[in-house]
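Step one of this worksheet: look at the structure below.
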Amino acid sequence: MTPFFRTRFGLAAAMLLATVPAAHANTYPDRPIRLLVGYAPGGPVDTTARVFAKYLGERLGQTVVVENRAGASGMIASDATAKTAPDGYVLGFAASPTLTMSPQVQRSKLFDPRTDFSLIGLVVDYTNVLMVGPDVPVRNVQELVSYSRQHPDKVSFGSAGVGASNHLSAELLKKETRAPMLHVPYRGNAPAMLDMVGGKITFMFDITSTAIPYIQSGKARPLAVTSRTRNAGMPEVPTMIEAGVPDYEVTGWYALVGPLKLPAAVEDRLKAALKEVGQDPQFRKSMTDGGYTLNVGDSAELKRRIDREYALWGDVIKAANIQAE
């Protein structure tokens, strides 16, 4: 083979290979997509992801299969998402604690949530609600703070585990009010809720979608929601800011992410499908009925929230000297 032929052949091969990703992107998706969820089946992240997967699949014309990879506060699934081939056939349904809290609590080197993902966009926001058990003698947040100061060894709060969203929500309350409160970690929200209802712990924060049934049945008393505005599912409950804790705002979210370097055409296709899902009346109703707020945002908004909340929770974690056991 002459040098001239080798050069021409090499150039032609390179041009051919360069067209492969573009051709792939133009036909995307041509097979089922896996949506990784970092939590066990049946929880709020999983159940929301399954509803979302159905509507996303309809918009893409392919089946979207939810795959649970629970562990390390959702980071196992996010790490797998970050390290998969960037072809759009493995995506992540990420909950905000996994990208803003858990990596700092776990002191993890698995991935950097600020740099290691293609950010498709936000899906929904969710709010935590501060609740006390039915026999706790307080009716609002300021009374809880006063009660805690008067009984420094008596007030305790439960969480789904060290570094969970409801754990850090309470730590932020401690930081803002300087009230003594003892953390009692559990293996999930459900056992913490049962102990709060039963009077073994004083209070806890929980996501509205799972808290509302306990509130409606009278088994728990809501004191405030953590969002900047009141929650549509419980409009009579004040925000933490209204309850006298200035600048207290905690809004969780779920988002669609993928590995870095997704082909532009694939990323654009996913963003367009995500936007269509967010406009679907039935999807919107299913989310609002569950206590969620629709917030289908673009990648720039998602990046801003990751950066801001990563810094916020970094300060809380450092101040409370929190580290996973």
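Below, the figures for the structure above:
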| item | result |
| --- | --- |
| Crossing angle, helix 264-279 versus the chain [Cα axis fit, 0-90 degrees, rounded to tens] | 40 degrees |
| Sorted peptide list for 113-123, 145-155, criterion being average Cβ within 10 angstrom, highest first | 113-123, 145-155 |
| Compactness relative to 2.2 N^0.38 Å, alpha carbon Rg of segment 177-325 | 1.24 |
| Between segment 38-82 and segment 125-152, the Cα center-to-center distance that results, in Å | 34 Å |
| Heavy-atom SASA rank of 226, 288 (probe 1.4 Å, accessible area, largest first) | 288, 226 |
| Residues residue 272 and residue 135, FRET efficiency given R0 of 45 Å [Cβ-Cβ distance, rounded to 0.05] | 0.30 |
| Carbon + sulfur, % of accessible area of segment 216-319 - ligands and nucleic acids excluded, 1.4 Å | 51 percent |
| D (Stokes-Einstein, µm²/s), Kirkwood Cα radius, the chain, 0.692 mPa s at 37 °C | 156 µm²/s |
| Dipole moment magnitude, nearest 20 debye, the chain about Cα centre, only Lys, Arg, Asp, Glu C-beta charged | 500 debye |
| 3J(HN,Hα) from dihedral phi, segment 245-260, Karplus parametrisation 6.51/-1.76/1.60, rounded to Hz, x for glycine, proline | 10, x, 6, 7, 9, 10, 10, x, 7, 10, 9, 9, 9, x, x, 4 |
| Convex hull of Cα atoms in segment 248-325, direction-averaged projection (nm²) | 7.5 nm² |
| 0 to 90° range, to nearest 10: angle between helix 299-320 axis and the chain longest Cα axis | 40 degrees |
| Share of Cα-Cα pairs in segment 97-217 lying beyond 19 Å, as whole percent | 51 percent |
| Heavy-atom accessible area ranking, 1.4 Å probe, most first, across 307, 289 | 289, 307 |
| Residue-averaged 222 nm ellipticity for the chain, from DSSP H runs of 4+ at -39500 (n - 2.57), nearest 500 | -14000 deg cm²/dmol |
| Descending semi-axes in Å of segment 197-265, equivalent ellipsoid built from Cα gyration tensor | 31, 17, 12 |
| Amide H within-cut-off set for residue 223, under 5 Å, with H built and near neighbours excluded | 130, 131, 132 |
| Simple spin-label estimate for residue 179 and residue 288 in nanometres, 7 Å along Cα-Cβ | 3.3 nm |
| Label point distance in nm, residue 30-residue 319, each placed 7 Å from Cα along Cα→Cβ | 5.4 nm |
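The values are calculated or read from the model by the stated rules, or taken from the named source; none is laboratory data. From a predicted model like this one, the values you see are computed outputs, not experimental measurements. Here Cβ is always computed from backbone atoms with ideal geometry, including for glycine, and neighbour counts include all displayed protein chains. What goes into the accessible areas is simple: the full protein's heavy atoms, side chains included, and nothing from ligands, DNA or RNA. Shrake-Rupley method; radii C 1.70, N 1.55, O 1.52, S 1.80 Å.
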